[in-house]
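Structure record follows, encoded as C-alpha coordinates.
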Amino acid sequence: MAQKKNILTNISLKGLDIAPSQVRGAVRIVPLLRRNVRNDLRLMKRSYNQDLAVVSVDKNTNYYAYIPHGLVMSWTDDGSPVAALGGQIKKTKQQTKTDAKNLDCGCTSVHLMHRMSKKESENKLRFLPLHLAMEGFLSMFFSGPNIAWSEYSKYALANGLGCRYENAVQGRYIAQLEDALRVFEIHPKQVGVLIFVAEALASAFVVPNPEDYRLLHTSLLEDFYGELIYQYGLLHDTTFPMDVSVNESEINSLENLRTAINKMRMDWASFQGFMANGILERPCQSKIVYNAGPFKLQRFITNIELKDENHIGEVITRENGELEYLKSFRLSAAQTKRVYLLSKLAEHNWNINATAAALGNNYDSFVHRLEKAGFGYLLNQQVREQVLKRRRKK
(Lines give C-alpha, C1' and ligand atoms only; values in the text may rest on other atoms or scores of the structure.)
Protein backbone atom coordinates (compact mmCIF):
# COMPACT_ATOMS: atom_id res chain seq x y z
CA MET A 1 0.00 0.00 0.00
CA ALA A 2 1.60 3.19 -1.17
CA GLN A 3 1.97 5.79 1.51
CA LYS A 4 3.70 9.16 1.77
CA LYS A 5 4.46 10.27 5.29
CA ASN A 6 1.97 7.61 6.46
CA ILE A 7 -0.87 9.17 4.44
CA LEU A 8 -2.82 6.62 2.43
CA THR A 9 -2.63 7.29 -1.32
CA ASN A 10 -4.25 4.11 -2.62
CA ILE A 11 -5.76 0.90 -1.30
CA SER A 12 -4.31 -2.53 -1.96
CA LEU A 13 -4.96 -5.94 -0.46
CA LYS A 14 -1.39 -6.33 0.78
CA GLY A 15 -1.20 -9.40 3.01
CA LEU A 16 -4.58 -10.71 1.82
CA ASP A 17 -5.64 -13.40 -0.65
CA ILE A 18 -8.85 -13.43 -2.70
CA ALA A 19 -10.81 -16.69 -2.50
CA PRO A 20 -13.42 -17.96 -5.00
CA SER A 21 -16.72 -16.11 -4.73
CA GLN A 22 -20.08 -17.43 -3.62
CA VAL A 23 -23.30 -16.32 -5.32
CA ARG A 24 -26.91 -16.06 -4.22
CA GLY A 25 -29.34 -14.25 -6.49
CA ALA A 26 -27.67 -11.03 -7.60
CA VAL A 27 -25.31 -10.99 -4.60
CA ARG A 28 -21.72 -12.12 -5.05
CA ILE A 29 -19.57 -12.33 -1.92
CA VAL A 30 -15.81 -12.67 -2.38
CA PRO A 31 -13.94 -13.88 0.74
CA LEU A 32 -10.66 -12.24 1.72
CA LEU A 33 -8.13 -14.39 3.60
CA ARG A 34 -5.20 -13.15 5.68
CA ARG A 35 -1.89 -14.93 5.08
CA ASN A 36 -0.23 -13.97 8.35
CA VAL A 37 -2.68 -13.55 11.22
CA ARG A 38 -1.38 -11.43 14.09
CA ASN A 39 -3.12 -10.72 17.37
CA ASP A 40 -1.77 -7.29 18.30
CA LEU A 41 -4.87 -5.53 16.96
CA ARG A 42 -8.47 -6.54 17.59
CA LEU A 43 -11.89 -5.06 16.85
CA MET A 44 -14.99 -5.59 18.95
CA LYS A 45 -18.56 -4.57 18.17
CA ARG A 46 -20.48 -2.37 20.60
CA SER A 47 -24.22 -2.36 19.93
CA TYR A 48 -26.51 0.63 20.43
CA ASN A 49 -30.28 0.27 20.72
CA GLN A 50 -31.46 3.83 20.19
CA ASP A 51 -33.53 5.11 17.27
CA LEU A 52 -31.26 8.09 16.64
CA ALA A 53 -27.70 9.07 17.48
CA VAL A 54 -26.44 12.63 17.82
CA VAL A 55 -22.66 12.92 17.65
CA SER A 56 -20.93 16.12 18.72
CA VAL A 57 -18.26 16.59 16.03
CA ASP A 58 -17.01 19.92 17.33
CA LYS A 59 -18.29 22.91 19.28
CA ASN A 60 -20.64 24.06 16.53
CA THR A 61 -21.36 20.89 14.54
CA ASN A 62 -23.50 17.84 15.27
CA TYR A 63 -23.97 14.70 13.17
CA TYR A 64 -27.40 13.00 13.17
CA ALA A 65 -27.93 9.42 12.01
CA TYR A 66 -29.17 5.97 12.93
CA ILE A 67 -26.06 4.25 14.31
CA PRO A 68 -26.69 0.61 15.26
CA HIS A 69 -23.18 -0.13 16.48
CA GLY A 70 -19.68 1.15 16.98
CA LEU A 71 -16.30 -0.61 16.87
CA VAL A 72 -13.81 -0.71 19.72
CA MET A 73 -10.20 -0.98 18.61
CA SER A 74 -7.70 -2.56 21.04
CA TRP A 75 -3.98 -2.83 20.30
CA THR A 76 -0.54 -3.37 21.78
CA ASP A 77 2.53 -1.31 20.96
CA ASP A 78 5.08 -4.13 21.15
CA GLY A 79 3.38 -6.74 18.95
CA SER A 80 2.21 -8.89 21.86
CA PRO A 81 -1.31 -10.36 21.59
CA VAL A 82 -4.32 -8.38 22.75
CA ALA A 83 -6.26 -10.23 25.47
CA ALA A 84 -8.78 -12.55 23.85
CA LEU A 85 -12.25 -11.14 23.47
CA GLY A 86 -14.28 -12.18 26.46
CA GLY A 87 -11.15 -12.50 28.56
CA GLN A 88 -10.57 -8.85 29.35
CA ILE A 89 -11.20 -7.45 32.79
CA LYS A 90 -13.94 -4.91 32.19
CA LYS A 91 -14.90 -2.05 34.44
CA THR A 92 -18.36 -1.82 35.88
CA LYS A 93 -20.74 0.84 34.61
CA GLN A 94 -19.88 3.02 37.57
CA GLN A 95 -16.16 2.69 36.88
CA THR A 96 -16.31 3.16 33.11
CA LYS A 97 -15.63 6.62 31.80
CA THR A 98 -18.11 7.17 28.98
CA ASP A 99 -19.04 10.03 26.69
CA ALA A 100 -22.47 8.63 25.83
CA LYS A 101 -25.86 9.56 27.21
CA ASN A 102 -29.29 8.17 26.38
CA LEU A 103 -32.43 10.29 26.17
CA ASP A 104 -36.00 9.05 26.00
CA CYS A 105 -38.03 11.53 23.96
CA GLY A 106 -41.29 9.60 24.09
CA CYS A 107 -41.67 8.23 20.57
CA THR A 108 -37.91 8.26 19.94
CA SER A 109 -34.86 7.21 21.94
CA VAL A 110 -31.72 9.26 21.34
CA HIS A 111 -28.08 8.33 21.94
CA LEU A 112 -25.78 11.31 22.56
CA MET A 113 -22.10 10.76 21.76
CA HIS A 114 -18.89 12.78 21.71
CA ARG A 115 -16.68 12.60 18.61
CA MET A 116 -16.61 10.08 15.77
CA SER A 117 -13.56 8.49 17.36
CA LYS A 118 -12.98 8.60 21.10
CA LYS A 119 -10.06 7.29 23.15
CA GLU A 120 -11.40 5.24 26.04
CA SER A 121 -8.17 4.05 27.67
CA GLU A 122 -4.47 3.83 27.00
CA ASN A 123 -4.79 1.36 24.11
CA LYS A 124 -8.48 1.40 23.31
CA LEU A 125 -10.38 3.57 20.83
CA ARG A 126 -14.09 3.66 20.03
CA PHE A 127 -15.08 4.78 16.53
CA LEU A 128 -18.24 4.74 14.45
CA PRO A 129 -17.75 2.65 11.28
CA LEU A 130 -18.81 4.26 7.97
CA HIS A 131 -20.21 7.26 9.85
CA LEU A 132 -16.63 8.38 10.38
CA ALA A 133 -16.22 8.44 6.59
CA MET A 134 -19.66 9.93 5.88
CA GLU A 135 -19.10 12.79 8.33
CA GLY A 136 -15.85 13.57 6.53
CA PHE A 137 -17.67 13.48 3.20
CA LEU A 138 -20.41 15.82 4.41
CA SER A 139 -17.89 18.26 5.84
CA MET A 140 -15.90 18.63 2.60
CA PHE A 141 -15.83 22.30 1.57
CA PHE A 142 -18.43 22.88 4.30
CA SER A 143 -17.36 26.46 4.98
CA GLY A 144 -18.62 27.58 1.59
CA PRO A 145 -17.48 30.82 -0.14
CA ASN A 146 -14.35 32.34 1.35
CA ILE A 147 -14.85 35.56 -0.65
CA ALA A 148 -18.06 37.62 -0.47
CA TRP A 149 -19.01 37.13 -4.12
CA SER A 150 -22.21 39.03 -4.97
CA GLU A 151 -23.97 35.92 -6.36
CA TYR A 152 -24.15 34.12 -3.03
CA SER A 153 -27.00 34.37 -0.54
CA LYS A 154 -26.55 35.95 2.87
CA TYR A 155 -27.12 32.50 4.36
CA ALA A 156 -24.25 30.96 2.34
CA LEU A 157 -21.86 33.77 3.25
CA ALA A 158 -22.76 33.47 6.94
CA ASN A 159 -23.20 29.70 7.30
CA GLY A 160 -21.44 28.06 4.37
CA LEU A 161 -23.24 24.94 3.21
CA GLY A 162 -25.34 24.87 6.39
CA CYS A 163 -27.11 21.62 7.20
CA ARG A 164 -26.11 18.88 4.71
CA TYR A 165 -27.57 15.39 4.49
CA GLU A 166 -27.25 12.26 2.36
CA ASN A 167 -29.51 9.22 2.03
CA ALA A 168 -28.51 5.57 2.35
CA VAL A 169 -30.15 2.16 2.75
CA GLN A 170 -29.50 -0.38 5.51
CA GLY A 171 -28.10 -3.72 4.41
CA ARG A 172 -31.21 -5.62 5.53
CA TYR A 173 -33.09 -4.01 2.64
CA ILE A 174 -30.63 -5.22 -0.04
CA ALA A 175 -32.35 -8.19 -1.70
CA GLN A 176 -30.66 -11.56 -0.98
CA LEU A 177 -27.84 -10.04 1.12
CA GLU A 178 -29.17 -11.40 4.41
CA ASP A 179 -29.61 -14.89 2.94
CA ALA A 180 -26.14 -14.78 1.40
CA LEU A 181 -24.46 -13.86 4.69
CA ARG A 182 -26.45 -16.56 6.48
CA VAL A 183 -25.68 -19.52 4.20
CA PHE A 184 -22.25 -18.79 2.72
CA GLU A 185 -19.17 -20.57 4.02
CA ILE A 186 -16.70 -18.68 6.21
CA HIS A 187 -13.12 -19.80 5.58
CA PRO A 188 -10.73 -20.52 8.50
CA LYS A 189 -8.48 -17.53 7.68
CA GLN A 190 -11.22 -15.26 6.37
CA VAL A 191 -10.97 -11.67 7.61
CA GLY A 192 -13.16 -9.84 5.11
CA VAL A 193 -15.30 -9.73 2.01
CA LEU A 194 -15.91 -7.86 -1.20
CA ILE A 195 -19.67 -7.55 -1.73
CA PHE A 196 -21.06 -7.20 -5.25
CA VAL A 197 -24.70 -6.71 -6.20
CA ALA A 198 -25.39 -7.38 -9.90
CA GLU A 199 -21.57 -7.22 -10.27
CA ALA A 200 -21.43 -3.65 -8.89
CA LEU A 201 -19.05 -3.32 -5.94
CA ALA A 202 -21.27 -2.45 -2.98
CA SER A 203 -18.74 -2.59 -0.15
CA ALA A 204 -15.32 -3.80 0.93
CA PHE A 205 -14.87 -5.00 4.52
CA VAL A 206 -11.68 -6.19 6.23
CA VAL A 207 -10.81 -6.76 9.90
CA PRO A 208 -7.52 -7.81 11.56
CA ASN A 209 -8.39 -11.30 12.79
CA PRO A 210 -10.57 -14.26 11.66
CA GLU A 211 -12.22 -14.38 15.11
CA ASP A 212 -13.12 -10.71 14.79
CA TYR A 213 -14.62 -11.36 11.37
CA ARG A 214 -16.84 -14.19 12.60
CA LEU A 215 -18.23 -11.90 15.30
CA LEU A 216 -18.72 -9.02 12.86
CA HIS A 217 -19.95 -11.04 9.85
CA THR A 218 -23.64 -10.24 10.34
CA SER A 219 -22.88 -6.58 11.17
CA LEU A 220 -22.73 -6.07 7.40
CA LEU A 221 -26.53 -6.08 7.50
CA GLU A 222 -26.45 -3.06 9.84
CA ASP A 223 -24.15 -1.07 7.56
CA PHE A 224 -25.59 1.41 5.08
CA TYR A 225 -25.32 1.12 1.31
CA GLY A 226 -25.94 3.44 -1.62
CA GLU A 227 -29.27 3.81 -3.40
CA LEU A 228 -27.75 2.33 -6.58
CA ILE A 229 -26.98 -0.93 -4.76
CA TYR A 230 -30.53 -1.09 -3.37
CA GLN A 231 -31.97 -0.59 -6.88
CA TYR A 232 -29.68 -3.24 -8.39
CA GLY A 233 -30.87 -5.69 -5.75
CA LEU A 234 -34.48 -5.05 -6.80
CA LEU A 235 -33.90 -5.07 -10.55
CA HIS A 236 -31.62 -8.11 -10.88
CA ASP A 237 -32.14 -11.64 -9.65
CA THR A 238 -28.87 -13.13 -10.82
CA THR A 239 -25.23 -12.22 -11.41
CA PHE A 240 -23.55 -12.22 -14.80
CA PRO A 241 -22.45 -15.72 -15.85
CA MET A 242 -18.78 -16.35 -15.14
CA ASP A 243 -17.21 -19.74 -15.65
CA VAL A 244 -13.73 -21.05 -14.96
CA SER A 245 -12.80 -24.63 -15.59
CA VAL A 246 -9.92 -27.07 -16.00
CA ASN A 247 -8.94 -28.39 -19.43
CA GLU A 248 -9.40 -32.14 -18.94
CA SER A 249 -7.24 -33.00 -21.93
CA GLU A 250 -4.19 -31.64 -20.12
CA ILE A 251 -4.77 -33.65 -16.92
CA ASN A 252 -3.00 -37.01 -16.68
CA SER A 253 -1.89 -37.05 -13.02
CA LEU A 254 -2.87 -35.74 -9.60
CA GLU A 255 0.04 -33.31 -9.73
CA ASN A 256 -1.22 -31.87 -13.04
CA LEU A 257 -4.71 -31.59 -11.58
CA ARG A 258 -3.39 -29.80 -8.49
CA THR A 259 -1.39 -27.36 -10.64
CA ALA A 260 -4.37 -26.68 -12.91
CA ILE A 261 -6.70 -26.02 -9.98
CA ASN A 262 -4.18 -23.67 -8.35
CA LYS A 263 -3.85 -21.76 -11.63
CA MET A 264 -7.63 -21.60 -11.99
CA ARG A 265 -7.93 -20.16 -8.48
CA MET A 266 -5.21 -17.59 -9.16
CA ASP A 267 -6.89 -16.52 -12.40
CA TRP A 268 -10.25 -16.30 -10.64
CA ALA A 269 -8.81 -14.25 -7.77
CA SER A 270 -7.09 -11.93 -10.24
CA PHE A 271 -10.34 -11.37 -12.12
CA GLN A 272 -12.32 -10.73 -8.94
CA GLY A 273 -9.68 -8.21 -7.91
CA PHE A 274 -10.12 -6.55 -11.30
CA MET A 275 -13.87 -6.34 -10.64
CA ALA A 276 -13.04 -4.23 -7.57
CA ASN A 277 -10.64 -1.88 -9.36
CA GLY A 278 -13.00 1.00 -8.59
CA ILE A 279 -11.48 1.02 -5.11
CA LEU A 280 -8.36 -1.18 -5.23
CA GLU A 281 -5.17 0.61 -6.34
CA ARG A 282 -7.29 3.69 -7.09
CA PRO A 283 -5.72 7.05 -6.16
CA CYS A 284 -7.42 8.50 -3.08
CA GLN A 285 -7.27 11.40 -0.68
CA SER A 286 -7.09 10.55 2.99
CA LYS A 287 -6.77 12.03 6.43
CA ILE A 288 -5.31 10.47 9.57
CA VAL A 289 -7.97 10.39 12.28
CA TYR A 290 -5.97 8.71 15.05
CA ASN A 291 -2.44 7.39 15.62
CA ALA A 292 -2.66 4.16 17.60
CA GLY A 293 0.93 3.07 18.24
CA PRO A 294 2.02 1.16 15.10
CA PHE A 295 -1.44 1.59 13.54
CA LYS A 296 -3.15 4.53 11.87
CA LEU A 297 -6.89 5.02 11.51
CA GLN A 298 -7.64 7.06 8.38
CA ARG A 299 -10.69 8.00 6.35
CA PHE A 300 -10.50 8.35 2.59
CA ILE A 301 -12.29 9.30 -0.61
CA THR A 302 -11.20 8.03 -4.00
CA ASN A 303 -10.27 10.71 -6.52
CA ILE A 304 -13.59 11.85 -7.95
CA GLU A 305 -14.37 10.68 -11.48
CA LEU A 306 -17.80 11.70 -12.79
CA LYS A 307 -18.14 8.71 -15.14
CA ASP A 308 -16.66 6.11 -12.79
CA GLU A 309 -17.56 4.58 -9.44
CA ASN A 310 -16.36 6.47 -6.38
CA HIS A 311 -15.99 5.34 -2.79
CA ILE A 312 -15.49 6.74 0.70
CA GLY A 313 -14.43 4.74 3.72
CA GLU A 314 -12.00 4.08 6.54
CA VAL A 315 -8.84 2.05 6.90
CA ILE A 316 -6.45 0.98 9.61
CA THR A 317 -2.95 0.32 8.35
CA ARG A 318 0.16 -1.12 9.93
CA GLU A 319 3.52 0.69 9.76
CA ASN A 320 4.57 -1.50 6.82
CA GLY A 321 1.42 -0.49 4.91
CA GLU A 322 -0.42 -3.77 5.49
CA LEU A 323 -4.19 -3.40 5.54
CA GLU A 324 -5.74 -4.31 8.91
CA TYR A 325 -9.20 -2.76 8.60
CA LEU A 326 -11.26 -1.48 5.69
CA LYS A 327 -14.88 -0.46 5.33
CA SER A 328 -16.18 1.36 2.26
CA PHE A 329 -19.33 3.00 0.90
CA ARG A 330 -20.03 3.50 -2.80
CA LEU A 331 -21.22 7.00 -3.65
CA SER A 332 -24.21 7.42 -5.94
CA ALA A 333 -23.95 9.41 -9.16
CA ALA A 334 -25.81 12.31 -7.50
CA GLN A 335 -23.47 12.29 -4.49
CA THR A 336 -20.48 12.23 -6.82
CA LYS A 337 -21.80 15.23 -8.76
CA ARG A 338 -22.35 17.19 -5.57
CA VAL A 339 -18.83 16.74 -4.24
CA TYR A 340 -17.40 17.29 -7.73
CA LEU A 341 -19.14 20.66 -8.10
CA LEU A 342 -18.11 21.74 -4.60
CA SER A 343 -14.51 20.74 -5.24
CA LYS A 344 -14.40 22.74 -8.47
CA LEU A 345 -15.93 25.79 -6.79
CA ALA A 346 -13.38 25.59 -3.98
CA GLU A 347 -10.59 25.12 -6.54
CA HIS A 348 -11.61 28.41 -8.21
CA ASN A 349 -12.21 30.37 -4.99
CA TRP A 350 -16.00 29.96 -5.37
CA ASN A 351 -15.98 32.23 -8.42
CA ILE A 352 -18.92 31.06 -10.55
CA ASN A 353 -17.66 32.53 -13.85
CA ALA A 354 -14.19 30.99 -13.44
CA THR A 355 -15.61 27.60 -12.38
CA ALA A 356 -18.09 27.55 -15.26
CA ALA A 357 -15.35 28.33 -17.77
CA ALA A 358 -13.09 25.61 -16.33
CA LEU A 359 -15.89 23.05 -16.76
CA GLY A 360 -16.79 24.19 -20.26
CA ASN A 361 -20.12 25.69 -19.18
CA ASN A 362 -21.53 29.16 -19.49
CA TYR A 363 -22.70 31.06 -16.43
CA ASP A 364 -26.38 30.10 -16.74
CA SER A 365 -25.80 26.40 -17.36
CA PHE A 366 -23.46 26.14 -14.38
CA VAL A 367 -25.99 27.85 -12.09
CA HIS A 368 -28.56 25.35 -13.40
CA ARG A 369 -26.18 22.50 -12.50
CA LEU A 370 -25.92 23.86 -8.96
CA GLU A 371 -29.73 24.00 -8.76
CA LYS A 372 -30.08 20.39 -9.93
CA ALA A 373 -27.44 19.24 -7.46
CA GLY A 374 -29.41 20.77 -4.57
CA PHE A 375 -27.14 23.77 -3.98
CA GLY A 376 -29.45 26.46 -5.33
CA TYR A 377 -29.93 27.79 -1.81
CA LEU A 378 -26.32 29.00 -1.87
CA LEU A 379 -27.21 31.63 -4.49
CA ASN A 380 -29.21 34.75 -3.88
CA GLN A 381 -32.75 34.83 -5.21
CA GLN A 382 -32.06 37.52 -7.80
CA VAL A 383 -29.39 35.42 -9.51
CA ARG A 384 -31.63 32.34 -9.53
CA GLU A 385 -34.58 34.24 -11.01
CA GLN A 386 -32.48 35.92 -13.69
CA VAL A 387 -30.96 32.64 -14.82
CA LEU A 388 -34.34 30.91 -14.84
CA LYS A 389 -35.83 33.75 -16.91
CA ARG A 390 -33.00 33.59 -19.49
CA ARG A 391 -33.28 29.80 -19.78
CA ARG A 392 -37.01 29.98 -20.38
CA LYS A 393 -36.50 32.41 -23.28
CA LYS A 394 -34.27 29.92 -25.10
- When the charge dipole of the chain is computed with +1 at the Cβ of Lys and Arg and -1 at the Cβ of Asp and Glu, the Cα pointing farthest to the positive end, of 382, 205, 54, is that of 382
- Query: Treating the beta-carbon of each Lys and Arg as +1 and of each Asp and Glu as -1, no other charges, what is the dipole magnitude of the chain about its Cα centre, to the nearest 20 debye?
  - Reply: 1340
- Query: Of the accessible area of the chain, with the probe set at 1.4 angstrom, what percent is carbon plus sulfur?
  - Reply: 50
- Taking only protein heavy atoms and a 1.4 Å probe, the highest-to-lowest accessible-area order of 325, 64, 165, 232 is 165, 64, 232, 325
- Item | Cut-off under 5 Å, modelled amide H: who pairs with residue 225 long-range | 169, 170, 171
- Mean Cβ-within-10 Å packing, highest first, puts peptides 370-379, 187-196 in the order 187-196, 370-379
- Quick one: if you stick a label point 7 Å off each Cα along the C-beta vector at residue 6 and residue 23, how many nm between them? 4.4
- Message: Could you derive backbone 3J(HN,Hα) for region 185-196 from the dihedral phi with the Karplus parameters 6.51, -1.76 and 1.60 (θ = phi - 60°), listing whole Hz in sequence and x where the residue is Gly or Pro?
- Response: 5, 9, 6, x, 9, 6, 10, x, 8, 10, 10, 10
- Item | Order of exposure, largest accessible area first, which applies to 163, 105, 284 with probe 1.4 Å | 163, 105, 284
- Alpha-carbon centroid distance for the pair region 183-237 / region 12-31, whole angstrom: 9
- Query: What full-extension length gain, to one decimal in nm, is calculated for residue 304 and residue 80 as 0.36 nm per residue of separation minus the Cα-Cα distance?
  - Reply: 76.7 nm
- Computed E for residue 164/residue 121 - FRET, C-beta separation, R0 35 angstrom, nearest 0.05: 0.55
- If you roll a 1.4 Å probe over the heavy atoms of the protein chains, what accessible area per residue do you get for region 282-341, in Å²? 35
- Spin-label pair residue 234/residue 211, simplified geometry with 7 Å Cα→Cβ offset, distance in nm: 4.3
- Cα gyration tensor category, rounded, prolate or oblate, for the chain with a/c compared to 1.5: oblate
- Query: Hey, what do the phi angles of region 316-326 turn into as Karplus ³J(HN,Hα) couplings, whole Hz, using 6.51/-1.76/1.60 and θ = phi - 60°, x for Gly and Pro?
  - Reply: 10, 10, 8, 4, 7, x, 5, 7, 10, 8, 8
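The values are calculated or read from the model by the stated rules, or taken from the named source; none is laboratory data. All values reported here derive from a predicted model rather than from experimental measurement. Positions of Cβ are generated from backbone atoms using ideal geometry, with glycine treated the same way; all protein chains shown enter the neighbour counts. When the accessible area is computed, the model is the full protein with side chains, heavy atoms only, and any ligands, DNA or RNA have been set aside. Shrake-Rupley method; radii C 1.70, N 1.55, O 1.52, S 1.80 Å.
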